[in-house]
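Student: So that we are looking at the same thing, I have put the structure below in structure tokens.
Where a number appears in this text, it was derived from the coordinates with a stated rule and is not lab data. Since we're looking at a predicted model, the values are computed, not measured. Positions of Cβ are generated from backbone atoms using ideal geometry, with glycine treated the same way; all protein chains shown enter the neighbour counts.
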Amino acid sequence: MTMPRHEPLSHHSAAAMPQQDEGKKPPVETAPEQRWKLQVFYLCFYGFMTQIRPGESFITPYLLGPDKNFTQVEVTNMITPVLTYSYMAVLVPIFLLTDYLRYKPVLVLQSLSHISIWLLLVLGTSVLAMQLMEFFYGVTMAARIAYSSYIFSLVAPSRYQRMASYSRSSVLLGVFTSSVLGQLCVTLGSVSFLTLNYVSLGFVTFGLLLTLFLERPKRSLFFNRTDAACSGAAPTELDKMAGGDKVDSGDSGKAMGGWRQAVLCRMLREVCAVAKQSRLQLWSFWWIFNSAGYYLVLYYVQILWNDIYPARDNRRVYNGGVDAASTLLGAIASFAAGYLKIRWALWSALVIGVVTAIQAGLLLLMNTTGNIWLCYAAYVLFRGSYQFLVPIAIFQIATSLSKELCALVFGVNTFFGTVLKTIITIIVADKRGLGLSVHPQFYVYFGYFSLLALVYLLLAVVVVIRHSRRAQPPELIPTEGQVQEKSPEAAAVQA
């Protein structure tokens, strides 16, 4: 599922000290240098371990099986929709609290929510208990922002890209390991789904212990930046937006109060200003609309698998292997996207349209086939195609924005995507709406992606036509007779 940095006070003090001889490095920098490396290593280890939940790939067959014995209607139309609603309800508060509380308290909340999920899965017997479980799932999803931004409080800006790749790789490796472990336990070890959930409960409890040993950063992206400026650190773009490159010590308290009151409003105005860029509009549109459809497919695909192949033998349920394969393909696709070199200003809409059309075709195949292996393969390709575009979208959105504005833009896009996902869930899946079963739902998702593909492809045609018109010379090429009428002097000047 998609990280701040803590610089010790001694590092800020060293930045404010008079410069020493160029040939000598201050010994005080040695300890902080080693310290942040250990912190990054621990954070990556934490990210890996908190993804080890081998029972996660088998939650739906567990709910539909003899352990819980819920009906497919209850799971599809009463339990699963709560995940979307809870995610939308807590997304904005957790986004703000993550920065205001400096990450660690939200990571603790995430770990406690994970424990609540598996306790309810093991002990809960009613629909209400499972709905509460989905609520805590929404909390854990919204709290992912705390881990994904924590790394930026540990390292200097020059190391952001590399450290972000380390943390993302650790998470992907954890998801892959968890899926493989779960599949091996079910297929080779004949471990029951209930036992697998107990194992998952043990891992998430260990994750809570790891969270307690994380160091709470002194600074964060929005609400706790002025302290850095007052300590002598180099001002950030956000500090400049808040009132200048320098903050006098005598005015620091006043500046801090004014900044906390005005910075988000100023940044929202900045977002409105940069939103006029066509590139930002296109990729934000993709982020909002395609991610909404993508996650709805992820929420309900296990129910589709169970409908196509209602295996009575747990050893013949291969959800973990499919999740492992899709995670691996997604990582490969994300890596390959970094080497794709084209004129994105010209071909972005076409690439998005083609990929979205392929996704629509894969959804139709998943929904119409009676072969579970073909459905598995289509799902793996569907996830891989989405993950292929994610790093491209991040790069295209982030290139023209500061770090702070980039975080806010992605937050706004995620919020609108969640609102759209909630609206679709209320209309399509919730029993208070149409309450469709899983197959009609996937026909809706197929139509949704088909419509998006049509919009992108039409936009691509418009972009190409406009580009071809601009590429034409502003003046007509002179005829042969006109060329002959020119004097030798004029021809020499033109040459």
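Student: Using 0.36 nm times the number of residues separating Phe206 and Cys272, minus their current alpha carbon distance, what extension gain do you get? Numbers along the way, then the final one.
Tutor: On the way: separation 66, 0.36 × 66 = 23.76 nm, distance 4.30 nm.
Answer, rounded to one decimal: 19.5 nm.
Student: What is the gain in length, in nm to one decimal, between Ser437 and Asn69 on full extension, counting 0.36 nm per residue of separation less the C-alpha to C-alpha distance?
Tutor: Net length gain for the segment: 130.7 nm.
Student: While we're on this one: Rounded, prolate or oblate: which fits the range 384-433, taking a ≥ b ≥ c as square roots of the Cα gyration tensor eigenvalues, rounded meaning a/c under 1.5, else prolate when a/b beats b/c? Please report the intermediate quantities before stating the final value.
Tutor: Values: a/c = 5.55, a/b = 1.94, b/c = 2.87.
In terms of gyration-tensor shape, oblate.
Student: In what sequence, highest mean first, do 383-391, 88-96 appear when ranked by Cβ atoms within 10 angstrom?
Tutor: Descending packing order for the listed peptides: 383-391, 88-96.
Student: On a full-extension model of 0.36 nm per residue, what is the gain between Thr125 and Arg316, subtracting their alpha-carbon distance, rounded to one decimal in nm? Walk me through the numbers before you get to the answer.
Tutor: Details: separation 191, 0.36 × 191 = 68.76 nm, distance 2.50 nm.
That works out to 66.3 nm of additional length.
Student: Under 20 Å from the 7 Å Cα→Cβ point of Ile332, by amide nitrogen: which residues of the range 367-389?
Tutor: What the label zone holds, given the 20 Å backbone N cut-off, is 373-389.
Student: Here is a further query. What order, most packed first, do the peptides 101-112, 367-378 have when packing is the mean number of other Cβ atoms within 10 Å of each residue? Before the final figure, lay out each step's value.
Tutor: Working: 101-112: 21.8, 367-378: 16.1.
Put in order of decreasing packing, that is 101-112, 367-378.
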